[in-house]
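What follows is a short report on a single structure.
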Amino acid sequence: GKAKSDDISGSRHCVSVLCAGAGGWSPLVSDSYQWLEVDLERRTQITAVATQGRYGSSDWLTAYLLMFSDTGHNWRQHRQEDSLGAFPGNSNADTVVQYKLDQPVIARYLRLIPLDWNPTGRIGLRLEIYGCRYTSDVANSDGSSSLVFRLSIRPSRTATETIALKFKTMKNSGTLLHAEGQRDHSLSLVLEKGRLLLYHQQGRTRKTWHTSVLALNLLDDQHWHHVKLERHSAHLNLTVDRAARQVHTPAELSHWEIRQLSVGAAQSHGLQKPILSNRNFHGCLENLLYNDLNLINLAEQNNHQVTGGNVTFSCAEPVSVAVTFTDPRSFLQLSGLTSWSSEVVAVALQFRTWNRAGLLLTFDLPRPESTVRLYLSEARLRLQIDRAGRATLELSAGTSHPASLCFFFSPPNGKVSHYAENIERVLTSDGATAHTSVPLPLTADIQLFFGGCPEQSGRGCTNPFHTFQGCMRLLTLDDRTVDLMKVQQRLLGNYSHLQMDICGIIDRCSPSHCEHGGRCSQSWSNFHCNCSTSGYRGATCHSSTYEQSCEAYKHKGNTSGHYYIDVDGSGPIRPRLIYCNMTEDRAWMVIQHNNTEVTRVHPSPEQHQHSAHFHYAPEEAQLAAIISQSEHCEQELSYRCRKSRLLNTPEGAPFSWWVGGPGAGQVQTYWAGAEPASRQCACGLQDNCLDPNHYCNCDADYDQWANDSGLLTHKESLPVRSLVLGDIQRPGSEAAYRVGPLRCHGDKNFWNAAFFDKETSYLHFPTFNGELNADISFLFKTTSSSGVFLENLGIKDFIRIELSSSSAVVFSLDVGNGPLEVRVESSVPLNDSRWHSVRAERNVKEASLRVDQLPAATQEAPAEGHVHLRLNSQLFIGGTASRQKGFLGCIRSLQLNGVTLDLEERAKITPGVRPGCPGHCGSYGALCRNQGRCVERTSAFSCDCAQSAYTGAFCHEEVAASFKSTMSVAYILRPPHELSSNGSVPPPSVHSDTSPRGENVSLSFRTLQSPALLLYADSLDREYLALLINRHDGLELRYKLHSSRDVEVLASGVTSLADGRLHTVTIGRRADAVSCSFSVVFFLSTNVNTLGVSVLTGSYELDTELAELASLGFTGCLSAVRFDSVSPLKAALLHPDGDVVVVTGPLVQSSCGSSSPAKTHTAETTHSLSDQPGSADPGQPLVNAIRSDSALIGGLIAVVIFVTASALAIMARFVCSRKETYRGRDVKAAQPDDGGGQEFPASGRADSQVAPGDNRKEYFI
């Protein structure tokens, strides 16, 4: 129904319109096709609406839509929050429910469409509209007219210039504004394919700032759009409707003033060419303002500053009725004409859609029996004629973009063709045409189906494609326009699930919800963000894929290298590639600049000063964030001088200075190693300068080289941005300087933690502001089975993350659409007192939750629901406002939208909560490899590699050396009492675990030599063990562990070991205590992950074959040599000054494993000591046993390890002096670990004690 605003009340300017009738409005039929339209008789600024049920009835609305229009056609649906279209209605007939519009709407007509009503009543309504009168100045441009405003020269330049206007058009291209100023600069606002672009030109040079990221794509929809362009010095702010963007302009535009402004066309008097030649604006303009000048009002008054013509001062509104196909059940059915033109038969339409596929039109032809279908496929327009018994004819036109399109059909013997205006997204540009000749006899009983088919269509309509979702307008049959208003009134054709007289297409990508440069694409009902090149992830590219510091990378097990660092997570600062230097106790971020080399400065009479400027790769915001969040930063500043003074005396003016600190920095007159503002160098602080009258060595002004160097460690003065050296012009003056890279370690955010020891305790912070996007990340550890990590409440909205059980984390929230819950279940308990990570994210598309490395759980948000999360309470951490379900345990590194909450500072003043949370090795100890030991620190952990044969941050870097035949390493193991008596200090843990229970020896080698002696160990009692490569390139272990027994041989089944590839050998001895006797078993395994070689030297008596091998020496490489907790090669290379290591030849550290590929094979041989001498077949165990009484082997044991690339720690142990029981064991195959070897732990006990005087062992390599 329609209503006039007959009942209007209010002040002179603001009105209230009441539409009531006899108790209210109620249509005869209550269905979804009813509507109430109100004519306000003039354009009005509408601010609110109020509804009430029909008086004295059970009739009221529970939900409705609002439409607005200036003409009574081309309606526009009003949406709150740019998403929610439906307004909640009433719950009874008497209560008034008022809604204030989030933005006032200017319109003459209002239409209310019922969506739902009281199920026990009918549609019933009393409606009141609130608003104010609206006045404006309007101009109409017909595409050939324009206005030119020549602005007067102002005596002083203003800091801000503003241009504002409203426009509406049905044409998708045209020049809206063209502004010219001095120095032949100009700015142009141009409508191209329905998108607003901003151009800058200088002379014939064009520079473009594309604003499609913010500008709505559907600007040619014949609705009013507001544009505002503001210039603030070097910045331009462009606002289109409610979307804004800042554009950085060239420096020359910061002092630029507009001298001439063209509206509707580009009227240029310089050398510039128009952006769009012959494309003037065609449409209406309203309230065109330049600063405080109303330019349209000046034109109406024929002001002398305005020229132009063919402009009318009213808005010509072309009537265009559109129809919207809203869902898969939508269709429009029209009957054919009673008579078709004898010349040209044409069916034409224009459409708009985001979908890449859908049926536009289909109809059947009786003679010959055939079906014609026009459809979209992969965003290309296709025409298909399916003829019974004959081949299907297909035509296609257009590129792979959605299009605005017209198509035509010809009579028999004519041409069938269609014309497609192909554009990017939905906008029009040049077209493409395809042709064919085929007879199509059209009759009056033909039924044409647009968009889809009825559910019960029979043979008359079949749709093998997707249903069309989008808008159509200007439907014509044989050049006669279809009256869609008659269709709406059911006087013409048939339809279902259509919206009439409205194009309900929504641009979900303008403004885009995709953050950080994610590319937005969309369909009719949804949008998608492509984050592949952005460095971010999630449905809206919100969360960073990179860590925020090198510290975080280190605690994921990463070693030194270049990594992308995103210092603010989901914040605006982009990630940058930074080098991370992972040491054993630090993770350094190394930030390079443009000159880190030593720079020599020579004297020059013409040059009184030398200045250098340093530019850093990260942007300023990232640099400041790195320094702020790091625990420590430093930068080397070195100055070498000869007759070149530095700072002068504290009383005199400094000759040199440097600039450092955030932003542009501040002048600093102290040097590295001294305190800020001290006017000193490091020697002045330490009182050891060359001249005691000065505070820098260089200020002594000696004619010899001096040095003032050190580290700058005050973060407030970093980084060094420039350096000025002043005393360089005198004859004989020479200087050199170096400014090193900025180095920072520690991450205060990563280790910021709080411990909650009471269920009623919590921390509170200001309200979390995450209306459209919210990401929350933290780590926790606990022994409790439940507790709330975080909670923030609103009036109805809320957000909460909790541990609901020992194996489940729940993320729950409500943004007005009802509670939503995302749950992640773990297969292992989460209350194991280890650190576990939680990352929750909520955006307009979905809510997601990830725990540790488990798959993320997601819940999609409603497509047409509330999108703003509105919270107003304090943010509670570790508990709730009700003090129930509190969390017991630690929470660490809590970040909300990239901002770290300072839990430690708040915990210091909160009862029941303690700052910090120790105990990190339980979670990160596994990162320490190769027998490295995890060491707890207050904030972080480190790996102690003292008992490992490796080094590095995680004991992962091999220690290796290459040997020649004349090189060797000897390692002497002395008992503790000997070392303490002579004052020597052994390496850490040298004598740990040296009881006679057993040994574990491992080494890696690479060699081409065969035969070769790899390892030799013997004792003063002529017991020994030798590891060698025999003449058949096989590995062989020879041992004699009792002086009364013969040598036994254990051979491995692996051959071809002298092949230059990497091999690893692991030897283990176990002593099992059985009634004062024990058995000794050797395990020999080889693989090819690493390499090792040894050479025998010394005066020990060898058998003939071993002596021959020893004389050959060894050529090859050894690495990762380890004997229990002793690493002889590591000691020789890293601690060569100790008296337990003797090195012969130039031993240099190298990498054994980098030059050859690894050969993967594994074999393990087990051998029991036998009473029968001889050798066993390769791979076969010796199972003979012998019993004999023997005295405890004591005394000095010298273990000689022969190595060419790495020193081999070899074992020699005491053998029990009782009867020994040797039990044979079967050969067992073993798969080595990734480290290349397998450690065999000692599993037995010995009853005997070792004589203190006979505990000396020696290893030769």
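The values are calculated or read from the model by the stated rules, or taken from the named source; none is laboratory data. The structure presented is a predicted model; accordingly, all values stated were derived computationally and were not measured. Using ideal geometry, Cβ is built from the backbone for each residue, glycine included, and neighbour counts are taken over all protein chains shown. Quick note on the areas: whole protein, heavy atoms, side chains included, nothing else; ligands and nucleic acids left out. Shrake-Rupley method; radii C 1.70, N 1.55, O 1.52, S 1.80 Å.
Pairing residues of the range 1097-1112 that are of a type in the set (Gly, Ala, Ser) with residues that are part of a loop (DSSP other than H, G, I, E, B) and modelled with pLDDT under 80, at Cβ distances under 7 Å and at least 6 apart in sequence or on separate chains, gives Ala1110/Leu1096; Ala1110/Leu1102. Given (1) more than 15 Å from Phe780 (Cα to Cα); (2) open to solvent by 70 Å² or more (accessible area, probe 1.4 Å); (3) outside any helix (DSSP H, G or I), where does Pro829 come up short, assuming only one miss? Single failed check for Pro829: (1).
Scan the range 758-775 residue by residue and report those that are in a loop (DSSP other than H, G, I, E, B) and either in contact with a helix residue (DSSP H, G or I) (Cβ under 9 Å, 6 or more places away or on another chain) or surrounded by fewer than 17 Cβ atoms within 10 Å (Cβ to Cβ) (or both). Within the range 758-775, Lys758, Thr760, Pro766, Thr767, Asn769, Glu771, Leu772 meet the criteria. Scanning the range 675-726 for residues that are assigned to a loop (DSSP other than H, G, I, E, B), out of contact with any Phe, Trp or Tyr (no Cβ under 8 Å at 6 or more places or on another chain), open to solvent by less than 20 Å² (accessible area, probe 1.4 Å) and closer than 14 Å to Pro654 by Cβ yields no hits at all.
Answer yes if at least one residue in the range 828-848 is free of Cβ contacts under 8 Å to residues at least 40 places away in the same chain and among the small types (Gly, Ala, Ser), and no otherwise. Yes, there is a match, as at least one residue in the range 828-848 is free of Cβ contacts under 8 Å to residues at least 40 places away in the same chain and among the small types (Gly, Ala, Ser). In the range 240-253, the residues that are assigned to a helix (DSSP H, G or I) form Cβ pairs under 8 Å with partners that are modelled with pLDDT of 80 or more and not hydrophobic (A, V, I, L, M, F, W, C), at six or more places apart or across chains, as follows: Leu253/Arg231. With respect to Arg126, determine if the residue is more than 25 Å from Leu28 (Cβ to Cβ), charged (D, E, K, R) and either surrounded by fewer than 16 Cβ atoms within 10 Å (Cβ to Cβ) or in contact with a strand residue (DSSP E or B) (Cβ under 8 Å, 6 or more places away or on another chain) (or both). So Arg126 fails the test. One residue stands out among those in the range 652-668 that are within 17 Å of Cys698 (Cβ to Cβ) and free of Cβ contacts under 8 Å to residues at least 60 places away in the same chain: the one that is farthest from the chain's Cα centre (by Cα), which is Gly652.
Suppose the filter is open to solvent by 20 Å² or more (accessible area, probe 1.4 Å) and not in a strand (DSSP E or B); does Pro119 pass it?
Considered against the rule, which asks whether it is open to solvent by 20 Å² or more (accessible area, probe 1.4 Å) and not in a strand (DSSP E or B), Pro119 comes out as yes.
A quick yes/no check of all residues on (1) in a loop (DSSP other than H, G, I, E, B); (2) surrounded by fewer than 19 Cβ atoms within 10 Å (Cβ to Cβ):
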residue: Ser30; (1), (2): yes, yes
residue: Leu40; (1), (2): no, no
residue: Thr47; (1), (2): no, yes
residue: Ser58; (1), (2): yes, yes
residue: Gly72; (1), (2): yes, yes
residue: Ser91; (1), (2): yes, yes
residue: Val105; (1), (2): no, yes
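Residues of the range 989-1030 that are at pLDDT below 70, aliphatic (A, V, I, L, M) and open to solvent by less than 20 Å² (accessible area, probe 1.4 Å): Val990 alone. For the range 811-819, the count of residues that are in a loop (DSSP other than H, G, I, E, B), aliphatic (A, V, I, L, M), over 23 Å from Gly889 (Cβ atoms) and modelled with pLDDT of 90 or more is nonzero.
Note on the range 660-674: residues that are over 16 Å from Asp708 (Cα atoms) and buried (at least 19 other Cβ atoms within 10 Å of the Cβ) total 2.
Residues in the range 1031-1052 that are in contact with a Pro (Cβ under 7 Å, 6 or more places away or on another chain), surrounded by 21 or more Cβ atoms within 10 Å (Cβ to Cβ) and part of a loop (DSSP other than H, G, I, E, B): Gly1034 only. Within the range 74-84, being part of a strand (DSSP E or B) and open to solvent by 50 Å² or more (accessible area, probe 1.4 Å) holds for one residue alone: Arg76.
Given Arg892, Arg906, Arg937, which one is open to solvent by less than 50 Å² (accessible area, probe 1.4 Å), within 28 Å of Lys758 (Cα to Cα) and not small (Gly, Ala, Ser)? Just one listed residue meets the conditions, Arg892.
For beta carbons closer than 9 Å, sequence separation of 6+ or different chains, a first residue in the range 480-500 that is free of Cβ contacts under 8 Å to residues at least 12 places away in the same chain and polar (S, T, N, Q) and a second that is part of a strand (DSSP E or B) and open to solvent by less than 20 Å² (accessible area, probe 1.4 Å), the qualifying pairs are Thr481/Leu475. Considering the range 613-651, the residues that are open to solvent by less than 10 Å² (accessible area, probe 1.4 Å) and either among the aliphatic types (A, V, I, L, M) or more than 41 Å from the chain's Cα centre (by Cα) (or both) include one that is nearest to Gly898 (Cα to Cα), namely Ile626. A count restricted to the range 735-757 and to residues that are hydrophobic (A, V, I, L, M, F, W, C), within 20 Å of Trp588 (Cβ to Cβ) and open to solvent by 20 Å² or more (accessible area, probe 1.4 Å) stands at 1.
Step by step: first the residues of the range 643-674, then only those that are in a loop (DSSP other than H, G, I, E, B) and aliphatic (A, V, I, L, M), then the one that is farthest from Arg600 (Cα to Cα). Which residue is that? The qualifying residue farthest from Arg600 (Cα to Cα) is Ala664.
The lone criterion from (1) modelled with pLDDT of 90 or more; (2) open to solvent by less than 30 Å² (accessible area, probe 1.4 Å) left unmet by Cys917 is number (1).
Restricting attention to the range 588-606, the residues that are at pLDDT below 90 and either open to solvent by less than 70 Å² (accessible area, probe 1.4 Å) or among the charged types (D, E, K, R) (or both) add up to 4.
Identification of strands (runs of 3 or more DSSP E) wholly contained in the range 1116-1173 with 1 or more residues that are at pLDDT 70 or above and not β-branched (Val, Ile, Thr) yields 1116-1123. Within the range 1029-1052, being free of Cβ contacts under 8 Å to residues at least 24 places away in the same chain and more than 20 Å from His1063 (Cβ to Cβ) holds for Lys1040, Ser1043. Against the test of being among the charged types (D, E, K, R), part of a loop (DSSP other than H, G, I, E, B), under 26 Å from Ala808 (Cβ atoms) and in contact with a Phe, Trp or Tyr (Cβ under 8 Å, 6 or more places away or on another chain), the options Arg892, Arg834, Arg883 yield a single qualifying residue, Arg883. Of all residues being open to solvent by less than 40 Å² (accessible area, probe 1.4 Å) and more than 53 Å from the chain's Cα centre (by Cα) in the range 307-345, which is modelled with the highest pLDDT? Just the residue, please. Among residues in the range 307-345 that are open to solvent by less than 40 Å² (accessible area, probe 1.4 Å) and more than 53 Å from the chain's Cα centre (by Cα), the one modelled with the highest pLDDT is Gly336. For the range 462-481, filtered to residues that are touching a Gly at 6+ places or on another chain (Cβ under 8 Å) and outside any strand (DSSP E or B), the residue that is surrounded by the most Cβ atoms within 10 Å (Cβ to Cβ) is Phe468.
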